[in-house]
Structure formats: C-alpha cells, structure tokens
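> Following this message is one structure expressed as structure tokens.
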Amino acid sequence: MKILSIYPWTHISSSALMINGKIVSGSPEERFNKKKYSTDFPLLSAEWCLKNSNLSWDDLDLIVVPWNPMHNINVSNSRWDNSMTWRGQMLSHIPSNIMRAKKGLVAKEMKIIFGNTKIVYLNHHDCHAASAIYCSPFKKCDYLTIDGHGEVETCTAGVFNKNIIKKKSFVLYPHSVGLLYGALTDFLGFKPDKDEWKTMALASFSKNTNIFDNKMSKLFKLTNKGFELDLTYFYFYLFDKRPSFYNKKFINEFGEPRNPNAVILKKHYEIAGALQRSFEKIVNHLLQILKKKGSKSGNLVLAGGAAMNCVYNGVL
C-alpha cells in the first residue's frame, strides 16, 4: 500500500510518503521552493517523495489530505459556490450544494476518484491522533491532541486499544489553547501561527508568578469538559475581520502591545511566563479529565501544534 499525504495552503505545506505502513520520506515545501513558511501547494515536496522511492503519481494507492472540507460546507458560506464562472468549478460546486441540500451529518471522510487516482479527506484531529499513536511503541494508550483548530475541534482526547482509536472528549472552536498562545504571541510582537516558540523561549526568563498570572486567569476558565476562553478579549475567531488576535479589552488589561521592532522589556518576559503557566494549567486539566475516562494503561501520546510546547513536555 502506497499512500502519499499532502497538506497545502496552511502554516507549512508539506508531503509525506508511507509504503506498507512505514513512513519512507517527507518534507515541507519550503525546502524546495526556498520560501520560509511556504503555504504553496506541495508539488515539489510530493514529487521528491515519489522520486525518492522510484514511484510515479499513478503508482499510488491513496492520496490523503488531513482536513475534511465537509465540515466547512454550510448555508452561511454558500456565497462562494452559488454561481459558476468556469465549468471546472463543478468539481467543487456540485458536491458542496448536494451536501447542503441533504442537511445530513458530516461524514468522517470524503473521497474523490478519477481513473486509478483516489483522494481521501480525513478529519484533522483524527490525523493528529494517528500521527502520534501509530509512531508510538504502545498497543494501548490514551491520547490528547491540541492545536489552534481543526475543522471544528481544537482538542480531542481518547483511547487507543486493539488497533481502534476511540474519541472520548473534545473542545470546540473558538475555545482554543493554541490560539490563546497565538493571541499572546501576536501581542508580544511576533507572528501568530509561526512564532509561538519565541514566546515559549521568553517564558523561560520568568519562572515565578507575577501580576500577569492573575490577569491571565481572566482569559479562561476550566470546566468539567475542558476549558472555555472569555471571547470578549479576543478577535482571532473573526479571521480577516480584524487586524490582530486580541482586542481593546485585552489591551486595557495587559497594556499596549509590543511593536515587533521594540526592545523586549521585563514586562514582556513576565507576560510570556504567565502564559506558559496558564497553558500548563489548562493542559494538565485536560489530562486529568482524560485519565478518568482513559484506558488505565499508563501510556500517553500527545499530538498537534500546541503539543509541540517542549517546555511543557519536559514538565510532564
């Protein structure tokens, strides 16, 4: 079985090739087109993966995309497919209009087949979970995925046993620990969805609690199901409607945001430190919920962009 995964137009476009259950190659597109953080369609990286194993596109059994666009098809966004300017748009417009007409549940996967080529779209957080589970040595484990957001989820947790992944709980967008981190990254003068590692590095210079820990606690609350953000402080869920991830109420609480070219002050270290501690508090709470619902195996895997917080991994 030869499976090529591609993930275009988000964060860092990339490709990876799996043959008979083993990952044999993978690369971000930026390595080939020399554009840092490239979101271009990963054609160059995909062709490198194929060439590396002496394969062509026709040799593939599956092409897999770790995003299920069926979640994004609803009445509110019909403006993009309620008319057609080019007949090639029937490829997307016909299935999307049928999905709305059926008004049914979102399928776990979508498929497109032409000739011998099969393209499968899978749920984003399911792919996150699989990426950690199947690369681990565990036959039985609990899993937690955390990132900015998938189609509708920002966190999922569950159990892997007897080769079956079973989701136990989830947190829905816009309540996102990843985008909480992104909002503070934006506030500190860095680029959200890219520079969170810089914010994490700043946090290492402020390991003791400070006045910003109390301020940070106003931004979220822990719940029986996970956590909720106080959305009155944020703009990130409005996408292109606002220029930043945070709003005026946030500025009133934390002060003026740092200009990207400004000197980093003690205040900025303290904000980053308070954020890191809040992040750890939220994720610890998610893991406590998972432990109650989990497999009792003592094994845990983490996945997703926010799970790449290496400081927290060290604490855990």
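> Out of the residues in the stretch 191-209 that are open to solvent by less than 30 Å² (accessible area, probe 1.4 Å) and in contact (Cβ under 8 Å) with a residue 60 or more places away in the chain, state the one that is farthest from C155 (Cα to Cα).
Ranking the candidates gives S206 first.
> Sticking with this one: Anything in the stretch 2-29 that is aliphatic (A, V, I, L, M) and either part of a loop (DSSP other than H, G, I, E, B) or within 18 Å of the chain's Cα centre (by Cα) (or both)? List them, or say none.
I6, I12, A16
> Turning to a different aspect of this structure: Quick check on S45: is it within 22 Å of K111 (Cα to Cα) and hydroxyl-bearing (S, T, Y)?
no
> Sort out which residues of the stretch 30-69 are more than 20 Å from the chain's Cα centre (by Cα) and part of a loop (DSSP other than H, G, I, E, B), and write them in order of number.
Residues satisfying the conditions are K34, K35, S53, N54, L55, S56, L60, D61.
> If the Cβ limit is 8 Å and pairs must be 6+ apart or interchain, which residue in the stretch 95-121 that is in contact (Cβ under 8 Å) with a residue 60 or more places away in the chain pairs with which residue that is among the aromatic types (F, W, Y)?
T117/W57
> So which residues in the stretch 15-24 are surrounded by fewer than 19 Cβ atoms within 10 Å (Cβ to Cβ) and within 16 Å of V65 (Cα to Cα)?
Result: I23, single match.
> Something else about it: Could you list all residues from the stretch 101-157 that are in contact with an Asp or Glu (Cβ under 9 Å, 6 or more places away or on another chain), open to solvent by less than 20 Å² (accessible area, probe 1.4 Å) and hydroxyl-bearing (S, T, Y)?
Passing the criteria: T145, T154, T156.
> Shifting gears a bit: Filter the stretch 1-36 down to the residues that are β-branched (V, I, T) and either touching a Pro at 6+ places or on another chain (Cβ under 9 Å) or within 18 Å of K194 (Cα to Cα) (or both) and list them by number.
I6, T10, I12
> Of the residues Q276, Q288, which is touching a Ser or Thr at 6+ places or on another chain (Cβ under 9 Å) and not hydroxyl-bearing (S, T, Y)?
Answer to the check: Q276.
> Could you please find all residues in the stretch 253-269 being open to solvent by less than 60 Å² (accessible area, probe 1.4 Å) and either at pLDDT below 95 or assigned to a loop (DSSP other than H, G, I, E, B) (or both)?
G255, P257, R258, A262, I264 - these are the residues of the stretch 253-269 that are open to solvent by less than 60 Å² (accessible area, probe 1.4 Å) and either at pLDDT below 95 or assigned to a loop (DSSP other than H, G, I, E, B) (or both).
> Which one is least open to solvent (accessible area, probe 1.4 Å), of the residues in the stretch 210-237 that are in contact (Cβ under 8 Å) with a residue 60 or more places away in the chain, assigned to a loop (DSSP other than H, G, I, E, B) and in contact with a strand residue (DSSP E or B) (Cβ under 9 Å, 6 or more places away or on another chain)?
Across the stretch 210-237, the extreme among qualifying residues is G226.
> Can you tell me which residue in the stretch 83-111 is modelled with the highest pLDDT, limited to those that are charged (D, E, K, R) and closer than 21 Å to V152 by Cα?
Within the stretch 83-111, the match that is modelled with the highest pLDDT is K111.
> Look through the stretch 47-58, keep the residues that are over 13 Å from V24 (Cβ atoms) and touching a residue at least 40 places away in the same chain (Cβ under 8 Å), and return whichever of them is most open to solvent (accessible area, probe 1.4 Å).
Taking the candidates together, the pick is D58.
> Another question, then. Hey, L286 hits all of (1) farther than 19 Å from S204 by Cβ; (2) surrounded by 14 or more Cβ atoms within 10 Å (Cβ to Cβ); (3) out of contact with any Leu (no Cβ under 8 Å at 6 or more places or on another chain) but one; which does it fall short on?
Condition not satisfied by L286: (3).
> Further question on the same structure: Among (1) among the polar types (S, T, N, Q); (2) touching an Asp or Glu at 6+ places or on another chain (Cβ under 7 Å); (3) open to solvent by 60 Å² or more (accessible area, probe 1.4 Å), where does S244 come up short?
S244 satisfies all of (1) among the polar types (S, T, N, Q); (2) touching an Asp or Glu at 6+ places or on another chain (Cβ under 7 Å); (3) open to solvent by 60 Å² or more (accessible area, probe 1.4 Å) except (3).
The values are calculated or read from the model by the stated rules, or taken from the named source; none is laboratory data. Since we're looking at a predicted model, the values are computed, not measured. Cβ: placed from backbone, ideal geometry, glycine included. Neighbour counts: every protein chain shown. Note: areas computed on protein heavy atoms with side chains; ligands, DNA, RNA excluded. Shrake-Rupley method; radii C 1.70, N 1.55, O 1.52, S 1.80 Å.
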